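Below is one structure, written out as structure tokens; the observations come after it.
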Amino acid sequence: MTTARRHLICLESTPYYHCTSRCVRRAFLCGSDRYSGKSYEHRRDWVESLLLTLSKAFCIDIAAYAVMSNHYHVILKVNTELASALTDSELIDRWSLIYKPSEMVCRYRSGAEVSDAEQLIIAAMLERWRDTLINISRFMGYMNERIARRANKEDGCKGRFWEGRFHSQALLDDTALLQCMAYVDLNPIRAGLANTPEDSKYTSVKRRIDKLAHPEKNDNLLPFMTFESHTIALEKADCQWETKIPMKFCDYLDLLNWTGRVLKSIDRQEILGEAPPILGQMGFLSGEWVSLVEPKNNWRRKALGSVEKVRMYCESIGQKWLCQTHKNTVSHMHT
């Protein structure tokens, strides 16, 4: 039996979630159809552009993404602190990027006089908007609906474009976040679409690499921390997460390049070159890390993190059983 999304997303446990949507049957999101010869590569631009637009509208940051032929991955961070701090004017501006506000709200935004009754209506409406802009289901729902409508219109057909609900996975600690980011950014390399992260088009790592050459441009992605090399942040007991990814980008890029070479090697047991020092900081051996970022691990689990974090997450969502694959968790957990 499926679980309601509101019961799976617990912002008290973590603001980070790995979300995936896949096309139904043989529908193509992107890529080329070998049977008809038709190319859908232009749709990658649709997905990437809409993701980045929604990150400006919603109070939800994008930590990583990858657009594949029949599915896409995105790691989202819900920024509740930002949502709470938005003024009414800023809230309306964000809402206007995706929805058309009513005439009454436009009058209020312009400073025109509104009645007491209208002020009460607007105040209640803005609070609903504030809650909506930190809602992952609304983010993914808007994303998938717009892409489905556009793709069906282009294909001249109707009906379901996506398999069903998007899948979400809670990332409960820094190690789980970095592990999942590496898995997402390495998708094109594992699929044989690219040889290096620099060649991986329509991924967050490619966008970040491009920003290194053009630092004046905003990549609209959650930034990395500026720590000393080969260090990662320690977990905070009160779950007050930093607003940046707890790693230096150059270290992350070294980790991706090394992992990509190993994944492409004929013998997966052959570790090419010395492993990046950041692996030791995260508590992984080389072979353990490589096996964890391979597709054979079930990335459709509900949560990823240490035993204690998973136990706390289970208690938060009222679940007594959870299956896990993290190196620091057991396979079947009862709480």
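Between the alpha-carbon centres of region 113-160 and region 40-94 there is a gap of 13 Å. Which pairs break 25 Å Cα to Cα here: LYS201/LYS244; LYS211/LYS244; LYS77/LYS309; LYS77/LYS248; LYS56/LYS309? Too far apart for the 25 Å limit: LYS56/LYS309. Proximity of backbone amide H atoms, modeled 1.01 Å from N, is registered between ARG22 and GLU163, GLY164 at under 5 Å, excluding neighbours fewer than 5 places apart on the same chain.
Distance between the 7 Å Cα→Cβ label points at CYS250 and SER84: 3.6 nm. Using the alpha-carbon positions of region 83-132, Rg (one decimal) and Dmax (whole number) come out as 10.3, 27 Å. Excluding same-chain neighbours fewer than eight residues apart, the aspartates and glutamates reachable from LYS153 by a Cα-Cα span under 20 Å are ASP33, GLU41, ASP45, GLU48, GLU145, GLU163.
For ASP155 and ALA117, a Förster radius of 51 Å and the Cβ-Cβ distance give a FRET efficiency of 0.60, rounded to the nearest 0.05. Distances between placed amide hydrogens fall under 5 Å for ILE60 paired with ASN79, all partners being 5 or more residues away or on another chain. Taking label points 7 Å from Cα along the Cα-to-Cβ direction, ASN218 and ARG22 give a separation of 3.5 nm.
Where a Cα-Cα gap under 19 Å defines reach, which aspartates and glutamates qualify for LYS264, not counting those fewer than 8 residues away within the same chain? The qualifying aspartates and glutamates are ASP185, GLU198, ASP199, ASP254, GLU274, GLU288, GLU294. Rounded to the nearest whole Hz, the Karplus-based 3J(HN,Hα) values (6.51 cos²θ - 1.76 cosθ + 1.60, θ = phi - 60°) of region 301-306 follow the sequence 5, 6, 8, 9, x, 5, with x at glycine and proline. How would region 112-201 be classified by its alpha-carbon gyration tensor: rounded, prolate or oblate, with rounded meaning a/c under 1.5 and the a/b versus b/c comparison settling the rest? It is oblate, given that a/c is not under 1.5 and a/b is not larger than b/c. A simple rule links phi to the HN-Hα coupling: the Karplus curve 6.51 cos²θ - 1.76 cosθ + 1.60 with θ = phi - 60°, which for region 153-166 gives 5, 5, 7, x, 9, 10, x, 5, 9, 9, 4, x, 4, 5 Hz, with x for Gly and Pro. Evaluating 6.51 cos²θ - 1.76 cosθ + 1.60 at θ = phi - 60° for every residue in region 71-80, the Karplus couplings come out as 7, 9, 10, 8, 9, 10, 10, 7, 9, 5 Hz, glycine and proline recorded as x. Could you give the nm distance between label points at GLN281 and ASP93, where each point is 7 Å from its Cα heading toward the beta carbon? The two pseudo-label positions are separated by 3.5 nm.
Each value in this text was obtained by applying a stated rule to the coordinates, not by laboratory testing. Keep in mind it's a predicted model, so treat the numbers as computed, not measured. As a convention, Cβ positions derive from the backbone with ideal geometry for all residues, glycine included, and neighbour counts pool all protein chains shown.
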